[in-house]
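Quick notes on the structure that follows.
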Amino acid sequence: MPLSRLNEEQYAAATSKDPQNLIIASAGTGKTSTIVGRIAHLLEQGVEPAQILLLTFTNKSAAEMVSRVAEFFGKDIASKIDAGTFHAVSYRWLKKHDKKVVLKQQRELKTLFRSVFEKRSFGHIGAEITPYGGNYLYDVYSFYQNTELNTHFEDWIKFKFPEHELFAMIYADIVDEFEALKKEYGFVNFNDLLLNFRDICKTKELGYKEVLVDEYQDTNALQGTLIDAMNPPSLFCVGDYDQSIYAFNGADISIIGTFSTKFPSAKVHTLTKNYRSTIPILSLASKVIEHNERIYPKKLEVTRVHESHPPKLLAYDELFDQYHDIAFKISNSQTPRDEIAVIFRNNSSADGIEVGLRELGITCKRKGGTSFFDSREVKAVLDFYTLLINESDMMAFIHLFEFARGVGSAVAKELYIALKTLGHGSIFYGLYAPDETISNPFEKRKLNQQLGLFDDFLELGSVGKFAKCGFEDKFMKNPILKHPKLTKENATFLHDFYLLYRDLKGVREPRAIVSKIAKSEIYKYISEHLSSRRALLKDGTIDEKQKSESLSNIARKMVLLEELSKPYSEHERFLNAMILGSSDLTQGEGVNLLSVHASKGLEYKEVYIVDLMDGRFPNRKLMHRGGSLDEERRLFYVAVTRAKDILYLSYAKYDKIKKLNFVPSQFLYEASLVPKDEAFRAMVLKEEDNEE
């Protein structure tokens with residue numbers, strides 16, 4: 001049984017009778033085993049599996065833990081445990097209460113947000129400071145939702161960013177209209193899931209006897225209030241303050257830091273036995289992280305006693321010498337390729353390593369770049385497919401029409417609403433059988449200078465300019481063509497859209513639909529558009545060879561997407577698998593190239609941490625944007641503790657392209673790998689000045 005495999009500390013935590021428990025589980029101390037042991041203990045005590053809620057930060061983690069429970073209690077029992085991320089669990093509860101709710105990913109809602117933002121004009125204010133762009137304002141608003149619980153957005157902007165006070169009213173009005181649109185179309189984003197579930201928790205008894213929270217150090221204020229609203233009889237939180245590395249995403253380290261204050265009768269357990277790393281590796285990590293304030297006391301013990309290699313520092317005269325030599329070392333390593341990881345703080349570091357490995361014919365997979373499912377060409381196919389089975393999905397329409405030259409999100413939204421008007425609620429009726437009594441299907445824009453609204457929609461355009469485009473007569477009679485901003489090129493895009501969906505009518509197999517979309521004229525346009533942009537040189541010309549390669553890559557992805565669609569006979573099952581399940585799928589093999597954040601929770605026999613120069617790691621630029629040296633130090637701790645046996649730390653002294661001299665990272669000094677010199681003393685003095 002799981003409990004029999006636990007050490008004394010893990011067993012004490014897993015069988016605790018206290019109503020609130022905090023388990024400080026440092027890297028490699030067996031937190032997953034402890035959580036599984038706790039679930040096993042609850043089941044043995046007669047708690048029903050459906051009365052157990054396990055909250056994790058990835059669905060993969062939840063599935064792994066439930067799978068381990070199933071080994072001992074069977075799949076029937078394990079499958080009844082409510083497990084998943086905060087968002088997945090919230091979504092399940094929300095669907096029980098409102099089946100019409102439509103979950104939208106960030107990119108789609110950003111598009112909707114921009115369609116509202118683009119109707120504003122900030123020029124009349126005459127402020128010296130530049131207002132935020134639409135995408136950035138969306139991110140600011142998302143951060144606000146995750147961290148601010150009481151203050152109105154306008155007031156929060158004034159307090160948090162006083163230099164933007166002149167724009168605060170417009171920002172807030174954009175947010176209000178955005179929220180109204182979401183409500184109108186039944187859209188929710190990931191923040192809405194938590195907010196709405198929190199409301200459910202306040203009014204409904206959920207039936208959970210215990211709530212377990214993994215990676216508790218990474219909870220943000222919104223997630224913290226959701227746990228509070230649940231108010232379970234028993235709470236079991238597992239985390240490590242030294243691995244809190246998501247402050248940029250709203251994670252609040254004070255939540256784990258004040259657990260004992262919030263719950264005075266809570267029991268704090270500390271897991272001290274490390275089963276992953278060797279003594280030299282763990283000693284180096286501990287030596288550096290101890291420069292951060294200790295929230296809960298802990299001292300780790302290494303259980304591995306076999307011969308170990310001390311961490312090795314690699315110093316290079318030039319930046320690219322570092323990348324090429326590390327690739328060479330990997331090529332000569334006896335460690336299996338998938339047991340090697342190169343960990344980087346900045347994406348540009350990974351580029352150099354990847355080039356070096358490719359030159360030596362070494363395969364690698366990079367976590368942090370654009371995945372197959374995140375590529376725009378794949379997303380476009382899925383957007384076409386989504387509209388086919390749910391024409392009410394305005395975001396899919398807008399996202400597709402943004403590919404048409406000169407059609408932004410605001411115009412795309414106007415086209416969608418106009419088609420819906422012409423079709424009395426159906427865009428496809430509006431496209432193929434428009435109401436002939438409606439001569440002007442476009443909404444009038446309101447004018448309000450105070451809120452930055454402007455009116456540039458003055459009169460309908462003439463369809464005569466499209467007479468020689470070769471459009472079908474029936475299509476030429478559609479009032480949608482009267483939109484004054486439609487050019488011949490994007491009217492052709494609309495006509496190709498018209499032809500595609502006529503061609504898709506009655507097609508039932510997902511594979512056939514994917515194939516027809518990929519071979520359509522409108523998708524050829526999108527492929528050309530993407531390939532041209534990817535082959536665009538600095539002087540504005542197109543690299544034809546690069547464009548040809550890009551087109552080939554897109555074609556290969558379409559073949560792969562067709563292969564993925566083969567097992568499916570139902571549209572919704574196929575789409576759900578592609579959209580909801582894509583984040584847990586990985587591609588590639590070989591050496592692992594990982595950002596520090598992507599490496600969290602993983603372990604490898606041989607690890608290289610690269611570009612350990614001051615400014616790069618710690619990343620001073622991000623520190624100045626709201627980060628901190630403590631957070632950068634926690635990132636270093638996470639990177640080091642991914643290594644089980646072999647650890648290399650590298651830095652370069654010079655960048656010949658940018659003509660920059662580097663000094664070693666502050667963390668190399670703190671680890672005593674570099675003797676403390678004038679450069680280190682200058683760093684310390686600078687930090688002290690910043691703190692003052």
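Tabulated data
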quantity: Residue list for region 1-11, restricted to those being in contact with a strand residue (DSSP E or B) (Cβ under 9 Å, 6 or more places away or on another chain) and open to solvent by less than 20 Å² (accessible area, probe 1.4 Å); calculated: 10
quantity: Tally of residues being open to solvent by less than 10 Å² (accessible area, probe 1.4 Å) and farther than 29 Å from residue 284 by Cα across region 12-55; calculated: 11
quantity: Whichever residue in region 166-187 is touching a strand residue (DSSP E or B) at 6+ places or on another chain (Cβ under 9 Å) and open to solvent by 30 Å² or more (accessible area, probe 1.4 Å) and, among such residues, is nearest to residue 142 (Cα to Cα); calculated: 173
quantity: Residues satisfying the stated conditions in region 310-347, i.e. more than 19 Å from residue 664 (Cβ to Cβ), touching a helix residue (DSSP H, G or I) at 6+ places or on another chain (Cβ under 9 Å) and of a type in the set (Asp, Glu); calculated: none
quantity: Subset tally (residues that are at pLDDT 85 or above and open to solvent by 20 Å² or more (accessible area, probe 1.4 Å)) for region 104-117; calculated: 3
quantity: Tally, over region 604-617, of residues that are surrounded by 17 or more Cβ atoms within 10 Å (Cβ to Cβ) and out of contact with any Leu (no Cβ under 6 Å at 6 or more places or on another chain); calculated: 9
quantity: Answer residue from region 290-319, given it is free of Cβ contacts under 8 Å to residues at least 60 places away in the same chain, among the acidic types (Asp, Glu) and in a loop (DSSP other than H, G, I, E, B) and is farthest from residue 601 (Cα to Cα) among those; calculated: 307
quantity: Residues of region 537-570 that turn out to be touching a residue at least 24 places away in the same chain (Cβ under 8 Å) and open to solvent by less than 50 Å² (accessible area, probe 1.4 Å), as a count; calculated: 5
quantity: Wholly enclosed helices (runs of 4 or more DSSP H) of region 188-289 bearing at least 3 residues in contact with a strand residue (DSSP E or B) (Cβ under 8 Å, 6 or more places away or on another chain) and surrounded by 22 or more Cβ atoms within 10 Å (Cβ to Cβ); calculated: 279-289
quantity: Output for region 323-363, where each listed residue is touching a Lys or Arg at 6+ places or on another chain (Cβ under 8 Å), under 15 Å from residue 651 (Cα atoms) and polar (S, T, N, Q); calculated: 346, 349
quantity: From 423, 464, 406, residue being more than 36 Å from the chain's Cα centre (by Cα), surrounded by fewer than 16 Cβ atoms within 10 Å (Cβ to Cβ) and either modelled with pLDDT of 90 or more or small (Gly, Ala, Ser) (or both); calculated: 464
quantity: Qualifying residues in region 671-688 (those that are modelled with pLDDT of 90 or more and of a type in the set (Gly, Ala, Ser)) - the one surrounded by the most Cβ atoms within 10 Å (Cβ to Cβ); calculated: 671
quantity: Verdict on residue 583 being at pLDDT 85 or above, surrounded by 14 or more Cβ atoms within 10 Å (Cβ to Cβ), polar (S, T, N, Q) and assigned to a helix (DSSP H, G or I); calculated: no
quantity: Qualifying helices (runs of 4 or more DSSP H) (wholly inside region 1-103; at least 1 residues being in contact with a Gly (Cβ under 6 Å, 6 or more places away or on another chain)); calculated: 8-14, 59-73
quantity: Yes/no for residue 320 being open to solvent by 90 Å² or more (accessible area, probe 1.4 Å), more than 28 Å from residue 30 (Cα to Cα) and not polar (S, T, N, Q); calculated: no
quantity: Lone qualifier among 477, 524, 505, 488 - being open to solvent by 50 Å² or more (accessible area, probe 1.4 Å) and within 20 Å of residue 574 (Cα to Cα); calculated: 505
quantity: Those residues of region 508-521 which are in a helix (DSSP H, G or I) and either touching a residue at least 60 places away in the same chain (Cβ under 8 Å) or open to solvent by 70 Å² or more (accessible area, probe 1.4 Å) (or both), in sequence order; calculated: 510, 511, 513, 514, 516, 517, 518, 519, 521
quantity: Answer residue from region 426-445, given it is among the hydrophobic types (A, V, I, L, M, F, W, C) and surrounded by fewer than 17 Cβ atoms within 10 Å (Cβ to Cβ) and is nearest to residue 390 (Cα to Cα) among those; calculated: 433
quantity: From the options 213, 175, 188, residue that is under 29 Å from residue 633 (Cα atoms) and either over 26 Å from the mean Cα position of the chain (by Cα) or β-branched (Val, Ile, Thr) (or both); calculated: 213
quantity: Qualifying residue in region 169-183 (condition: more than 26 Å from residue 402 (Cβ to Cβ), at pLDDT below 85 and part of a helix (DSSP H, G or I)); calculated: no
quantity: Test: residue in region 128-139 that is assigned to a helix (DSSP H, G or I), open to solvent by 70 Å² or more (accessible area, probe 1.4 Å) and among the β-branched types (Val, Ile, Thr); calculated: no
quantity: Test: residue in region 372-379 that is within 22 Å of residue 560 (Cα to Cα), assigned to a helix (DSSP H, G or I), of a type in the set (Phe, Trp, Tyr) and touching a helix residue (DSSP H, G or I) at 6+ places or on another chain (Cβ under 6 Å); calculated: no
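Conditions (1) open to solvent by 20 Å² or more (accessible area, probe 1.4 Å); (2) among the basic types (Lys, Arg); (3) part of a strand (DSSP E or B); (4) more than 21 Å from residue 327 (Cα to Cα), marked per residue:
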{"position": "623", "(1), (2), (3), (4)": "yes, no, no, yes"}
{"position": "633", "(1), (2), (3), (4)": "no, yes, no, yes"}
{"position": "636", "(1), (2), (3), (4)": "no, no, no, yes"}
{"position": "639", "(1), (2), (3), (4)": "no, no, no, no"}
{"position": "644", "(1), (2), (3), (4)": "yes, yes, yes, no"}
{"position": "647", "(1), (2), (3), (4)": "no, no, yes, no"}
{"position": "650", "(1), (2), (3), (4)": "no, no, yes, no"}
{"position": "658", "(1), (2), (3), (4)": "yes, yes, no, yes"}
{"position": "669", "(1), (2), (3), (4)": "no, no, no, yes"}
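The values are calculated or read from the model by the stated rules, or taken from the named source; none is laboratory data. This one's a predicted model, so the numbers in the text were calculated from it and none came from an experiment. Positions of Cβ are backbone-derived with ideal geometry, glycine not excepted, and every protein chain shown enters the neighbour counts. The protein model used for the area step is the full one, side chains on, heavy atoms only, and it has no ligands, DNA or RNA in it. Shrake-Rupley method; radii C 1.70, N 1.55, O 1.52, S 1.80 Å.
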